[in-house]
Amino acid sequence: MSDTTDTPEVPRAEMEADIVCVGFGPAAGGFLTTLTRGLMNEDGTPVAESAVVPGMPPQVICYERADDIGFGVSGVVTKGRALRASFPDLDLSQIPMAHEVTDEKVLYLRDPVGASRRPAVFKLADKALGRWMEDDAFELPYVPPFLQKHPGMVFSIGQLNQWVGGNLMGTGMAQIWPGSPVAEPLMDGRAVTGVRMADQGVEKNGTPGPGYMPGMDMKAALTVVADGPVGPVGQHLDRALGLPEGKHQREWAVGMKCVVDLPEGCDWQAGTVLHTIGYPEPEIFGFLYVYPGNVASLGIFVPSWFGNPVRTAYRYMQHWMQHPYLWKRLQGGTMRSGGAKSLQESGRRGAPFLCGDGFARIGEGSGSTNVLTGSGVDEAWATGVMLGESVLELMKEGKPYTRETLEATYVARRRASWVEEEAKVAEKSRDGFVSSVVKGFIGMGLTGLTNGLINMPGSPIKPQDRIPTIEEYYKGYIAEGEVLEIRAECARKGTSLHDALMDRVGWPQIPLDGTLLVSHQDALLMGGKVQAAPGYGDHVRFADPYTCEACRERVCIEACSGQAIYTNPEGGAPLFDREKCVHCGACMWNCSKSDLKDSERTNVCFRAGSGGLHSVEN
Amino acid sequence: MSKVLYLAHTECDGTLHKSALETLTAAKALAEGLGGELAVGIIGADVAAAADSVAGCGAKIYGVSGPDFADARYASDLAAAEAVATACGAEIVVAPATSRFSRALPGLAVRLGGRVDTHLSGLAVADGQPVARRWFYRQRMEGTLTRSERPWVLTLDSGIAEPFAGAGSAEVEALTVDVSGVRTKVAGLECPSEDQQTIRPDARVLLVAGAGWTKKQADGAVHVDVAEETILNFLNATKSSLGSSKSLVDISGEGNAVISFLTHMHQVGQTGASPRHAKGLSTCCHGEEPHVVGWRFISERRAINTDAGCGWAQGKCDVLYVGDAFEIMKKVNEMLG
Amino acid sequence: MSEFHIVVCGSIVPDPLQTLAPVEAPTGWSLKNEMMLPAVLDPWAGHALYEAANLAKKHPGSRVWLVSLAPKAKLQQVMMAVSQKAPFELVVADGSASGFTDSHETARVLAETIKGIAGLETSKMLLFGGWQSASRGSGAVMQMVGEMLGVSEQFQGVDKLTVHDDGAIEVKERIEGGSYQNSLVDGAPAVFGWATGELPEPPNNPQIGMQNMQKNMPALMQAKPADLSGTTMKLASVAVPQQRRETRVVKDAPVDEMAREIVEWLKS
């Protein structure tokens, strides 16, 4: 693409480290915590000498895209087994917004407004369970063991990251650099030799501009890929190396969430955990974790198998919050911050090659998330710990980081771990959702209760292949002609199509109150808004603009968690506003068209980019 | 008995600025409230006219004057202030937070072995003690404070009292201050000409231009020329002051179309200014919180935005007009003639 | 060509995009969740640092120190971002960066810390800082630090600094009404409280970052606790003002009508 004729000759800088890690989340936290603890012998000598700075212990660098190591992540409930193993004396009161799980409930929510699309079984349940319902919610008499997080903990990953990162930096054994987007791995055949940082001083389309500074190459004997499910290095490796046979990443969800100051007198105690099903749509799960200080992290998961092509998670979350059971306790609260994140829901089935010459993969992007128990943070941490132990072992033995040595250490540890054992059970648990939401729930139950022996059959479909047209989805609800009219009206006024369609099928308007029910844009301004450093190229691009031009669903626009993707008034591919992007990566799978060059992917490319939400809470 | 020294400097025409007269009212009230004595110190090229203009306050007036004190300069202003404060044995020094005194007077606290609190938004007496009020964290929260260290130097922002009125014939005790060792020479001022003048602190109305002025309009094109003309016509017709949002100032860095007469100096908000005007009209700006904190001292607020759900609608302005600022402002200009 | 020893005073402030609220504790006022809030280098001090680095680059032999009074754990995190922007030597006083601290105490600690910098020559010293912090916003600390160090050529609201061939420094300071005052000082030492300056924020350069942190990590580790207790200043109350207005939204009205209403309001 770039026109090199008038590109200023700026040399690309190059540096060397022993280990470079991409992305600082729970997986990198587990890796670096384990590694740094073992780098020095008791007598104060390093266990191995750095290959790049002789006489020094190994040089360990971690690059994080976000402007701060605690930015833009998520609230979480977890059993915390791996975390506790790393920190046996863990005192949760030392980490802001952390607490033991004290109470756990699974709630079935009835539709109080009559706009939800409920299969017959749900309608039946609405009636049958009615007499035991409180505020239109039925509390499951017990939490199925596979969903239980008790004993466990709730916390904000942002705060955990800050705590872990602070401890790590304090050791002086690793450097964690925020605001440092990595563009891609440096590859030599199938081997990885380091990473290349994103170029700076470029135009939106990536061509060099004034102040052009090509991204530095950081060479390293080992590259640890921990950049999550939508990270550019992981994606690049998946494209370059392909996925192992039978593996694919076709299941996704976006978590749309916020942190709320609960109203005074709210009876939820710190450590309360709620999981909800049934509303606003049967496919949408809800969660709510109560932190100390009358604060809660709450939100919904909108999965890729949800059939609505104008899926706007934000509005669904607002309807969910207003469900009588929740609203009774939320009303009068104040939103502190909002955010969103993509979850790779293929789990073990989406696992890539875990290692190769010069690289290893950990965390969510390595397929560690357990899709049955809905747990990923502790699993990610555990994979980091396993790699940390393996790297120390190889260092001490003076062995190189090759596919063979990493297979024999890291991969072997993973295969023998509880993470793997439980992921195997979970692997087919969500297959039922391929055909219907009811079969999906039955499937999860079957898998969970039989420990994976019995599963609901189903073969996962690529997200872009399962998105119907708007007319198909609203068939029987809105006549085709009327859809056309609504579409034209919205285009003319420049207003949102999803709002118009949801209004039309009976979803009540959101009574904005300026504190908890706020506009989508305001939610992204509360408690730290989106910031994008100048000089980087756009990280959301469209592979083939002509495909976009012909696209009528435009799920990317309707689903965008930051309203950063919007209609181009001149037609053609949608426009992208970096200043609004929260880096959830949902556009990557919220697209109804395949990339012409790679049918496993959609037409939306999500690449390396700087900035994002400035919030350390959610 | 507390000795309250009111310090002021003259403007280039030899008069005292409105904010200096407001500060005198506050200083006088403070001295009275404390049962103390007020003294006045004036610094400038020629202080006679200024002294006469406040002679009615009844305080003893000290003056430091001469060509060395014509211009705002840290070392000479501080030396003059120190001379006056020492001469009158000031325990509390009250002065307007002009750029000149904001530069010079913090140093006075060190010279006198005292303390300083700046940019006060209020000054009162409670339990026989001065109580100062000021903003913290860029106008986000306001606190009241007291302290027992003396001398205590206080600078006051404008708008906290009525300007003092009480001219007469003043007798000024002239103090001689040697500033021959000062190494700085003031070369002069760069003032925007009347035509280019867009920041007018004394204007009644503030017009804020947001990033929308430089974005693509309904026809898919950018119309910066029209935007500039519309904004300038309005400013010329109303003699309003011009402010901008941070995003409009920032986008100039990314090779976008820019409004040629806007600079960082115009920026209103958390990383910019918090100007004081009776009325403020926001155009093409989303009303985000970091910007709106800069509106703290704008009494009446109206906004024009195409988005009915923008930040302004959330209780941040009195009236939000949902419409195209290009069209509305064009019409406004026509009506203003 | 002149050689400068540029000392930049700059601390951290809460990321300006965060929601801030005051809370009172037995130890005094602070921000709610202060240690949780992400922090950034104080914006105007940041401009001072970039200007300092730029000036040092143009005057070979010059050195740049960043002197920071801040809680070191938090500062360490911020330094990982700031270090990538410009080369400097970090000097840390480990203490509160709160906006509720007495400006005099902050100045005293900074002045004492600067006096302790090995190799700093006062005759070459340019003392840089932001002209106001985004926390206290007093616009008083730099002047006091200068006074305490005996530097009485001072400038505030600086947007431009030009060094002449004879070593004299031309300064452009912001004053009221969008005007500037130009001055000429015959050379160092002098104090400059920077406003926005003229330079854009430099890109993140990982190479500069690593070079910086090699020498600056020890400075962080060795930071001495700062004593800010020498004040009688008491904050009786701190409050976020109630600022919500009853907004009337005028929609779907003809342009003429809206314009007429605005003109009437402007004239009233």
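Of note:
- Reachable aspartates and glutamates from A:K127, criterion Cα separation under 15 angstrom, eight or more residues apart if same chain: A:D111, A:D135, A:D136, A:E139
- Over region C:81-158, the ratio between the Cα radius of gyration and 2.2 N^0.38 Å evaluates to 1.12.
- For the protein assembly as shown, the share of accessible area belonging to carbon and sulfur comes to 52 percent (1.4 Å probe, ligands and nucleic acids excluded).
- Delta accessible area of at least 30 Å² on complex formation, residues of region B:131-145, 1.4 Å probe, chain isolated as reference: B:R134, B:F136, B:Y137, B:R138, B:R140, B:M141, B:E142, B:T144, B:L145
- Beta bridges per DSSP with both ends in the protein assembly as shown, % antiparallel, nearest 5: 50
- Largest to smallest accessible area among A:R329, A:R81, A:R415, B:R183 [probe 1.4 Å]: A:R415, A:R81, B:R183, A:R329
- Separation in nanometres of the label points that stand 7 Å from Cα toward Cβ, at A:T567 and A:R131: 5.1
- Which listed pairs, of A:K219/A:K462; B:K185/C:K124; A:K79/A:K428; C:K172/C:K215, have C-alpha distances above 28 Å, in listed order: A:K219/A:K462; C:K172/C:K215
- At the residue level, B:V249 shows approximately 10 square angstrom of accessible surface with a 1.4 angstrom probe and all protein chains present.
- Viscosity 0.692 mPa s, temperature 37 °C, Stokes-Einstein D of region A:56-140 from Kirkwood C-alpha radius, µm²/s: 182
- Based on protein heavy atoms only, chain A ends up with 37 Å² per residue of surface accessible to a 1.4 Å probe.
- Note on B:K239/B:E190: beta-carbon distance plugged into 1/(1 + (r/R0)^6) with R0 of 30 Å gives a FRET efficiency of 0.90.
- Folded to 0 to 90 degrees: helix A:232-241 orientation relative to chain A principal axis, Cα: 80
- Which listed pairs, of C:K32/C:K74; A:K204/A:K257; A:K257/A:K580, have C-alpha distances above 19 Å, in listed order: A:K204/A:K257
- Length gained when the stretch A:R12-A:L453 is fully extended (0.36 nm per residue, less Cα-Cα span): 153.4 nm
- Estimated buried accessible area (total), pair B and C, 1.4 Å, Å² to nearest 100: 7300
- Tail beyond 25 Å, pair distance distribution of region B:175-325 (Cα, percent): 32
- Entry note, chain C: the mean residue ellipticity at 222 nm calculated from DSSP H runs of n ≥ 4, each adding -39500 (n - 2.57), is -9000 deg cm²/dmol after division by the residues and rounding to the nearest 500.
- In terms of accessible area, using a 1.4 Å probe and ignoring ligands and nucleic acids, C:H104, C:H164 rank largest first as C:H164, C:H104.
- Inverting the pair-averaged 1/r between distinct Cα atoms of region C:5-225 gives 17.5 Å as its Kirkwood hydrodynamic radius.
- Bins of 10 Å, starting at 0 and running to the largest distance - Cα pair percent for region A:276-392: 11, 34, 29, 18, 7, 1
- Spin-label pair B:E229-C:S268: with each label point 7 Å from Cα along the Cα-Cβ axis, the two points sit 3.2 nm from one another.
- Buried accessible area, chains C and A (both chains, 1.4 Å probe, Å² to nearest 100): 2500
- Per-residue [θ]222 nm for chain A (sum of -39500 (n - 2.57) over DSSP H runs n ≥ 4, rounded to 500): -7500 deg cm²/dmol
- Exposure of C:W44 as accessible area (Å², to 10), given a probe of 1.4 Å and all protein chains: 20
- Straight Cα distances below 14 angstrom link B:K216 to the aspartates and glutamates A:E570, A:D577, B:D225, B:D324, with same-chain residues fewer than 8 positions distant left out.
- In the complete set of protein chains, residue-level accessible area for A:K204 is approximately 110 Å², probe 1.4 angstrom.
- Rg(Cα)/(2.2 N^0.38 Å) for region A:357-414, N = residue count: 1.18
- Each of B:S193, A:S610 has its accessible area taken with a 1.4 Å probe; listed largest first, they run B:S193, A:S610.
- Isotropic mean projected area of the C-alpha convex hull, region C:166-241 (nm²): 11.4
- Where only C-alpha atoms are counted, convex hull volume of chain A per residue in Å³: 148
- Calculated on the Cα set of the protein assembly as shown, radius of gyration then Dmax: 31.7, 103 Å.
- Here region A:91-160 was treated as a single set of alpha-carbon atoms; its pair distances binned every 5 Å from 0 give 3, 14, 18, 15, 13, 12, 12, 8, 4, 1 percent.
- Peptides A:17-27, A:41-51, B:304-314 ranked from most to least packed give A:17-27, B:304-314, A:41-51, packing being the mean of other C-beta atoms within 10 angstrom over each peptide's residues.
The values are calculated or read from the model by the stated rules, or taken from the named source; none is laboratory data. What you are looking at is a predicted structure, and each value in this text was computed from that prediction instead of being measured. Counting neighbours? That spans all protein chains shown, and the Cβs are built from the backbone with ideal geometry, glycine included. These accessible areas exclude ligands, DNA and RNA; they are computed on the full protein's heavy atoms, side chains included. Shrake-Rupley method; radii C 1.70, N 1.55, O 1.52, S 1.80 Å.
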